[in-house]
1. Mind checking which residues of segment 113-150 are more than 20 Å from residue 76 (Cα to Cα), exposed (fewer than 15 other Cβ atoms within 10 Å of the Cβ) and touching a helix residue (DSSP H, G or I) at 6+ places or on another chain (Cβ under 6 Å)?
2. Could you please find all residues in segment 81-112 being of a type in the set (D, E, K, R), surrounded by 14 or more Cβ atoms within 10 Å (Cβ to Cβ) and more than 19 Å from residue 35 (Cβ to Cβ)?
3. Scanning for something aromatic (Phe, Trp, Tyr) and at pLDDT 85 or above, does segment 129-145 turn up at least one residue?
4. For segment 39-57, give me the residue count where each residue is surrounded by fewer than 17 Cβ atoms within 10 Å (Cβ to Cβ) and either within 9 Å of the chain's Cα centre (by Cα) or assigned to a helix (DSSP H, G or I) (or both).
5. Residues of segment 97-115 being touching a residue at least 60 places away in the same chain (Cβ under 8 Å) and either of a type in the set (S, T, N, Q) or more than 18 Å from residue 66 (Cβ to Cβ) (or both), which ones?
6. Among the residues of segment 93-100, is any touching a strand residue (DSSP E or B) at 6+ places or on another chain (Cβ under 6 Å) and not in a helix (DSSP H, G or I)?
7. Could you check segment 146-161 and list, in sequence order, the residues that are among the β-branched types (Val, Ile, Thr) and at pLDDT 80 or above?
Amino acid sequence: MPAISRTRSRRTGLRAVAGRGRGRRRIDAGGTRLRLRALAVMGHGSARIAREAGVSDQTVQKLTRGDVKTVSPQLRDAIAAVYDAWWDKRAPERTRAERAAATAARRRAIAGNWCAGAGLDDDELDIPGYRPTHGWRPARGTGVATPIRPPRRAARMGLGA
């Protein structure tokens with residue numbers, strides 16, 4: 001197992017995980033979990049986040065619940081990219097399905113007392129053990145989130161941004 005100083009490990013959340021893939025660096029999942037929960041406060045459901053991050057809905061659900069202790073740097077970066085784009089944006093609610101998904105996400109956030117993105121300290125978010133000082137509070141955001149990645153079909157046709 002590669003040596004990572006105790007100080008660096010605490011500060012960055014990096015650590016080597018024993019077992020399969022020995023020596024591959026994994027990152028504490030706490031910051032990723034808090035980002036996902038903050039998106040739920042804004043009404044973003046796991047399926048919507050998963051589509052944009054390019055991962056499975058089950059992966060997002062497990063992370064949000066806290067079932068996963070570490071993540072790959074690639075997964076952390078994918079979730080962080082979605083969070084950076086949507087932390088202050090509400091989920092769209094144009095259709096009945098979108099409204100239901102947004103309502104369900106907000107209800108989970110209220111029941112879990114999850115903190116909105118505005119209440120998170122970005123400088124400490126990825127430090128293992130970081131806990132926000134506030135729980136759930138209503139958040140209206142600055143607008144409605146738009147897709148980050150172009151739809152796959154448009155991308156294949158060369159129409160994406």
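The values are calculated or read from the model by the stated rules, or taken from the named source; none is laboratory data. Source: prediction; values computed, not measured. Don't worry about glycine lacking a Cβ; one is built from the backbone with ideal geometry, like all the others, and counts go over all protein chains shown.
1. 134
2. 93, 98, 99
3. Yes, because at least one residue in segment 129-145 is aromatic (Phe, Trp, Tyr) and at pLDDT 85 or above.
4. Residues meeting the conditions: 2.
5. Initially, segment 97-115 is screened for residues touching a residue at least 60 places away in the same chain (Cβ under 8 Å), giving 103, 105-106, 108-109, 112, 114-115.
Scanning segment 97-115 gives 103, 106.
6. Our first condition is that a residue be touching a strand residue (DSSP E or B) at 6+ places or on another chain (Cβ under 6 Å); within segment 93-100, this holds for none.
Looking for residues that are touching a strand residue (DSSP E or B) at 6+ places or on another chain (Cβ under 6 Å) and not in a helix (DSSP H, G or I), one finds none in segment 93-100, hence no.
7. The one that is among the β-branched types (Val, Ile, Thr) and at pLDDT 80 or above: 146.
Here is a yes/no grid of residues against (1) crowded, with 16+ Cβ neighbours inside 10 Å; (2) in contact (Cβ under 8 Å) with a residue 40 or more places away in the chain; (3) not in a helix (DSSP H, G or I):
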site: 37; (1), (2), (3): yes, yes, no
site: 59; (1), (2), (3): yes, no, no
site: 67; (1), (2), (3): no, no, yes
site: 77; (1), (2), (3): no, no, no
